[in-house]
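Encoded as structure tokens, the structure appears first; notes follow it.
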């Protein structure tokens, strides 16, 4: 009999606390599978963000450390510099990456720190109850944009991939989504490439993942998949934004 | 050697592997020293970070993986680092932080001051925690205390602060280094190095259960009680027959010592207590001294901060006067001598 | 100048501290330093009233002449300072340091001319320690050592 799917080795056997339809559980699983497949469990170090996925360490069975909100890239820098043999990744939300931690992210990328940043973009602040994120779309309703996000007073959605891509220190930047089986497979491939870039000592990699937050979007899980495809991907186009690694895809 | 560079050299000899800093006067010589001397050492790292916030969080990261790491700044920059210091304390991670204090509040002046005493000794950031605070008063002590700071940080798994000032940092004095830099950089046990052949580890403070956080606080404070018992240090100067005890730390203690020498020359029986750990504070010693005299004069380069610790220690069993100059203005010894003399006669101590 | 004095005192086995002023100072302003030299441990590196004051320009004279201890020595760069010294309780040593340095062909060696005169009058450290110090401070720059040595000796030979 052929095994088609099994519980990933490095995903702890506990139920997720995430809301139904949340993208975090899918992304956690992708990372756990990759750690096994790439055989890096003995040296991988992870940093969860502030936000819903702060509890990532309850699920991923690897060495992990908390970081202050937004400081993931700075903490990752310290870890990698002091222990270069490690594979260091930070798992950050959109607010963590593109609001409070913009400086840390931009400068880690600019120094070409050999780390991998996995950024989960759900266009909203999930844990605190659905406030505006830097990536909230124009006219999108959130609890702090009750009349829709107005560019005049609340600015525009921040596109971190594009910002990071212009820096000479970044080598691999890709935006993916977990809104369909095909895209989930692409997201996994992108994260795999991010880790590989780091293992090859090539420099800074950023993988953004558009991810659903049905509860705060006030949608069903299926509607939120559709909303990512129809609305989010218009503003945040998927695909490789930058790749100067000079190598083929990770597969 | 200047004081700031002496800290840098001592840190390297203590096995410091990582320095992360952001320029601010008057501690730039330290950042520059580390750029020139640490960065080129095998396995060591120097980063001029994008901000003090980033620097302290890089220290956090290096400490997570078990390296000896330090950062330095001056007052406004130390305020920014408080976020990271709170996390270091909560995660029970060692780190060394140097504050070459300047006149505040706000941007203030770049001249020497001691206005960050409260911030240093009361934890500084959010939450209920303390950091060990060492207060050197010479270039030699800057070097010695830097070494001690790394050892204490590792021993108690806590951030340790060295509270100096702009004058100590810039001043040149002879200094002797008592250690050679280690061949192999130390890696603390219990660090995150990958879950190879052992269960995975988590470093965290957040919990959805307040009782967990309460237990963390209890555990921290049990350790703090131990530190208070074991690590208090101070220097006394001519206290045996003193009718008036001056309490001062850091550069202020040097100035006071000069004044006391002159006071002694004119027959005034004055002595000095100089705490070299500000937290834990030598409260016991203050009480001991109060058995011989009731008169204390606290001299600080601020509006009166350490005086509260002296008063707390005395529990009303002594009379405490204060003299201070804030904002970066530094008294000369004769100014302090005038204060000592006036107080001495006001209190009738010559009889 | 202050730094090499402190260094020389240290070489001779004395206690020494060198405390620079820092901050917003301009060339020709009142940038200053305090040097303490003693056979015992030095308590305060800050001097209430120094025994010796060396002023290199007019603004410094205005700022520092009142601090000097009664009976002390005031060294004045007389090339740049022409005003009368108002205090009668101190001795004044006038050294035309700037013009002497210019005559020696290197205006920048003005501080070494003054230094030579200073140690001749005060005997705080020996001239040979200072000359040795020059050699170690200016490694591989023989021409600079020569210039500074010449200036030092010129000042030293003034009195």
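Throughout, read-outs are computed from the coordinates displayed, never taken from laboratory work. Everything numeric here is computed off the predicted structure, so don't read it as measured data. Here the Cβ is made from the backbone with ideal geometry for all residues, glycine too, and neighbour counts use every protein chain on show.
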*Using every alpha carbon pair in the stretch B:152-254, what percent of pairs falls into each 10 Å bin from 0 up to the bin containing the largest distance?*
9, 22, 31, 22, 13, 3, 0
_Per q in 0.15, 0.18 Å⁻¹, report the Debye log10 I(q)/I(0) for chain C, using one uniform scatterer on each alpha carbon and no solvent._
-0.82, -1.21
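Counting DSSP beta bridges with both partners in the stretch C:2-156, what percentage is antiparallel, nearest 5? Walk me through the intermediate numbers first.
On the way: 6 of 15 bridges.
Taking every DSSP beta bridge with both residues in the stretch C:2-156, the antiparallel ones total about 40 percent.
How high is the FRET efficiency between residue B:206 and residue B:51 when r is their beta carbon distance and R₀ equals 30 Å, given to the nearest 0.05? Don't skip to the end; give the middle numbers.
Details: r = 24 Å, r/R0 = 0.78.
E between residue B:206 and residue B:51, to the nearest 0.05, is 0.80.
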_Relative contact order for the stretch C:2-156: what percent, with Cα pairs under 8 Å and sequence separation of 6 or more?_
18
*Determine the percent antiparallel among the DSSP beta bridges restricted to the protein assembly as shown, to the nearest 5.*
25
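Ordered by packing density, taken as the mean number of other Cβ atoms within 10 Å over each peptide's residues, highest first, how do A:49-56, B:165-172, B:187-194, A:170-177 rank? Don't jump to the answer; show the numbers that get you there.
Values: A:49-56: 22.6, B:165-172: 28.4, B:187-194: 16.6, A:170-177: 25.0.
By packing density, highest mean first, the sequence is B:165-172, A:170-177, A:49-56, B:187-194.
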*In whole angstrom, and with the biggest value first, how far do the Cα coordinates of the stretch A:73-132 range along each principal axis?*
38, 19, 13
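Per-residue Cβ counts within 10 Å, from other chains only, averaged over B:329-338: what number is that? Don't skip to the end; give the middle numbers.
Numbers: counts 0, 3, 3, 7, 6, 5, 2, 2, 1, 1.
Taking the mean over all residues of the peptide, I get 3.
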*Within the stretch B:129-143, which residues have the backbone N less than 17 Å from the label spot 7 Å out from residue B:213 along Cα→beta-carbon, could you tell me?*
B:129-130
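Please give the FRET efficiency for residue A:200 paired with residue A:19, using the beta carbon to beta carbon distance and R0 = 45 Å, rounded to the nearest 0.05.
Details: r = 37 Å, r/R0 = 0.82.
After rounding to 0.05, the efficiency reads 0.75.
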*In nm, to one decimal, how far is the residue C:51 label point from the residue A:166 one, both placed 7 Å along Cα→Cβ?*
6.5
*Dividing the Cα radius of gyration by the Kirkwood radius, what Rg/Rh value follows for the stretch B:1-138?*
0.93
*Across 10 Å bins from 0, what is the distribution of all Cα-Cα pair distances for chain A, in whole percents?*
8, 34, 39, 17, 3, 0, 0
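Peptide B:105-113: average number of partner chain Cβ atoms within 10 Å per residue?
Numbers: counts 0, 0, 0, 0, 1, 3, 3, 3, 0.
Per residue, the number of nearby Cβ atoms from other chains is 1 on average.
Taking neighbour counts of Cβ atoms within 10 Å as a proxy for exposure, in what order, fewest first, do B:201, B:148 appear? Let's see the in-between values first.
Working: B:201 18, B:148 23.
The fewest-first ordering by Cβ neighbours comes to B:201, B:148.
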*For the stretch B:234-346, treating each Cα as an identical point scatterer without solvent, what Debye log10 I(q)/I(0) comes out at q = 0.19 1/Å?*
-0.91
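Please state the equivalent ellipsoid semi-axes for the stretch B:126-211: what are the square roots of 5 times the Cα gyration tensor eigenvalues, largest first, in whole Å? Before the final figure, lay out the partial values.
On the way: eigenvalues 226, 85, 14 Å².
For the stretch B:126-211, the ellipsoid semi-axes come out as 34, 21, 8 Å.
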*At 0.36 nm per residue, minus the direct Cα-Cα distance, what do residue C:82 and residue C:12 gain on full extension? Give it in nm, one decimal, please.*
21.6 nm
*How far apart, in nm, are two points set 7 Å out from the Cα along the Cα-to-Cβ line at residue A:182 and at residue A:150?*
4.0
_Pick from B:314, B:30, B:226 the residue whose mean-square fluctuation is largest in a GNM of chain B, springs joining Cα atoms under 10 Å._
B:226
*For chain B, modelled as a GNM with alpha-carbon contacts under 10 angstrom, which of B:241, B:144, B:309 fluctuates the most?*
B:241
*Among DSSP beta bridges lying fully in the stretch A:24-243, give the percent that are antiparallel, nearest 5.*
25
*Rounded to the nearest 500 deg cm²/dmol, what is the calculated helix-only ellipticity per residue at 222 nm for chain B, with -39500 (n - 2.57) per DSSP H run of length n ≥ 4?*
-13000 deg cm²/dmol
*Peptides B:85-91, B:291-297, C:123-129: what's the order by average Cβ count within 10 Å, highest mean first?*
B:85-91, B:291-297, C:123-129
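Calculate the translational D of the stretch A:89-188 in whole µm² s⁻¹ from Stokes-Einstein, where the hydrodynamic radius comes from the Kirkwood formula applied to all Cα pairs, the temperature is 10 °C and the viscosity 1.306 mPa s.
Working: Rh = 14.5 Å.
It comes out at roughly 110 µm²/s.
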*How many partner chain Cβ atoms sit within 10 Å of a residue's Cβ in peptide B:200-213, on average, as a whole number?*
4
_Computed label-point distance, nm, for sites residue C:137 and residue C:27 using a 7 Å Cα→Cβ extension_ = 1.9
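Using Cα-Cα distances under 8 Å and only pairs 6 or more residues apart, what relative contact order does the stretch A:24-243 have, in percent?
Details: 446 pairs, mean separation 40.6, N = 220.
Relative CO of the stretch A:24-243 lands at 18 percent.
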*Take chain A, connect every pair of alpha-carbon atoms lying under 10 Å apart with a spring to form a Gaussian network, then pick out the residue of A:144, A:102, A:136 with the largest mean-square fluctuation.*
A:144
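Using the beta-carbon distance between residue B:177 and residue C:3 and R0 = 25 Å, what value does 1/(1 + (r/R0)^6) give for FRET efficiency, to the nearest 0.05? Could the numbers behind the result be given before it?
Details: r = 20 Å, r/R0 = 0.81.
For R0 = 25 Å, the calculated efficiency reads 0.80.
Please arrange B:156, A:147 by how many other C-beta atoms lie within 10 Å of their C-beta, fewest to most. It would help to have the intermediate numbers written out before the result.
Values: B:156 19, A:147 8.
So the ranking, lowest neighbour count to highest, is A:147, B:156.
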_Spin-label zone in the stretch C:70-110 - amide nitrogen under 15 Å from a point set 7 Å from the Cα of residue C:122 along the C-beta vector_ = C:70-77, C:91-95
*For the stretch B:3-230, what size does the Cα cloud have along each of its three principal axes, sorted from largest down, in whole Å?*
50, 40, 37
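Could I get the Rg over Rh figure for the protein assembly as shown? Both from C-alpha atoms, Rh via Kirkwood, rounded to two places. Walk me through the numbers on the way to the answer.
Numbers: Rg = 31.2 Å, Rh = 29.2 Å.
A ratio of 1.07.
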